[in-house]
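Down below is the structure, laid out as structure tokens.
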Amino acid sequence: MILPCLLLFIPIINNENFQLEGVVLIVMVGLFSKGFIHYAIAKIFGPLIWGRGFCGWACWTAAILDWLPIRNKKKKVNPNYKRLRFITLLISIVIPLYLIFVMNYDVWGNYINKKEMIWMFAGNLIYYAVGIPLAFILNDKRAFCKYLCPVSLVMIPASKLSLINITPAGNECIECGSCNKICPMDVDVMSYIKNNRKVTHAECILCTDCQVVCKNKAI
């Protein structure tokens, strides 16, 4: 349901590019479009309430990645590789700036309501072209989310203060480790639950997989 509702319905009906690069391009010419409103609500201020719940429940890129037939054990990856996201974020911001200030790209004449959908699908195809092979290489559906997705960095600052979190349910944690094994983002959920603390880790996407597999209903 995520993919048709969010990727096809919302952007196409509004004829707007909701990708990060498209939002930056529009904002730089002084237009605060529906794409900007989407970003402000879903990815800048919204995470103050639901953390990175968008990543777990509403991301059209992740919707495809979660369908991949990957069931093998994830390969261990140096966590420092997550810093690569800063590079992709920089690229996503620099490209629109380069087009406007160096190439003198006519946003109003050539882009708005004309080529936005081309940019939207081209941007997503690039994400899939990188994310799908990476998922199979690392045996990890969410590898792109962890190591390359620029949007996650936009949400992380506010998500650390989110009102909605994965929390202990009151039953004792038996330290079986099921929650850690199932977590698509490699969060050490068990360490939070056994110490009776809510999960405030910046990588938690509120997917609730840990709650589903918890044998003692401690989450």
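Under the condition of being of a type in the set (A, V, I, L, M) and part of a helix (DSSP H, G or I), which residue from region 169-219 is farthest from Phe144 (Cα to Cα)?
Ile193
Can you find, within region 102-137, the residue that is nearest to the chain's Cα centre (by Cα) among those that are among the aromatic types (Phe, Trp, Tyr) and over 17 Å from Val23 (Cβ atoms)?
Among residues in region 102-137 that are among the aromatic types (Phe, Trp, Tyr) and over 17 Å from Val23 (Cβ atoms), the one nearest to the chain's Cα centre (by Cα) is Tyr128.
Of the residues Tyr147, Tyr192, Tyr111, only one is surrounded by fewer than 21 Cβ atoms within 10 Å (Cβ to Cβ) and either more than 20 Å from Ile70 (Cα to Cα) or touching a Leu at 6+ places or on another chain (Cβ under 8 Å) (or both); which?
So the residue among Tyr147, Tyr192, Tyr111 that is surrounded by fewer than 21 Cβ atoms within 10 Å (Cβ to Cβ) and either more than 20 Å from Ile70 (Cα to Cα) or touching a Leu at 6+ places or on another chain (Cβ under 8 Å) (or both) is Tyr111.
Does region 47-58 contain at least one residue that is touching a Cys at 6+ places or on another chain (Cβ under 8 Å), modelled with pLDDT of 90 or more and of a type in the set (Val, Ile, Thr)?
No; the residues of region 47-58 include none that is touching a Cys at 6+ places or on another chain (Cβ under 8 Å), modelled with pLDDT of 90 or more and of a type in the set (Val, Ile, Thr).
Sort out for me the helices (runs of 4 or more DSSP H) sitting completely within region 15-106 that have 2 or more residues that are touching a Leu at 6+ places or on another chain (Cβ under 9 Å).
Output list reads 20-27, 47-50, 53-57, 60-65, 84-101.
Going residue by residue through region 93-110, is there one that turns out to be among the aromatic types (Phe, Trp, Tyr) and within 26 Å of Ser159 (Cα to Cα)?
no
Testing Lys115 on (1) without any contact (Cβ under 8 Å) to a residue 24 or more places away in the chain; (2) in contact with a helix residue (DSSP H, G or I) (Cβ under 7 Å, 6 or more places away or on another chain); (3) charged (D, E, K, R), one condition comes back false. Which one is that?
(2)
Sort through Val107, Val94, Val27, Val102 and tell me the only one that's β-branched (Val, Ile, Thr) and either at positive phi or touching a residue at least 40 places away in the same chain (Cβ under 8 Å) (or both).
Criteria check complete, one pass: Val107.
For Tyr127, state whether it is assigned by TED's automatic domain parsing to the domain that holds Gly53, crowded, with 17+ Cβ neighbours inside 10 Å and among the aromatic types (Phe, Trp, Tyr).
yes
Could you identify the single residue in Tyr39, Tyr81, Tyr105 that is closer than 24 Å to Ile205 by Cβ and either at pLDDT below 85 or surrounded by 15 or more Cβ atoms within 10 Å (Cβ to Cβ) (or both)?
Only one candidate qualifies: Tyr39.
The values are calculated or read from the model by the stated rules, or taken from the named source; none is laboratory data. Since we're looking at a predicted model, the values are computed, not measured. Here Cβ is always computed from backbone atoms with ideal geometry, including for glycine, and neighbour counts include all displayed protein chains.
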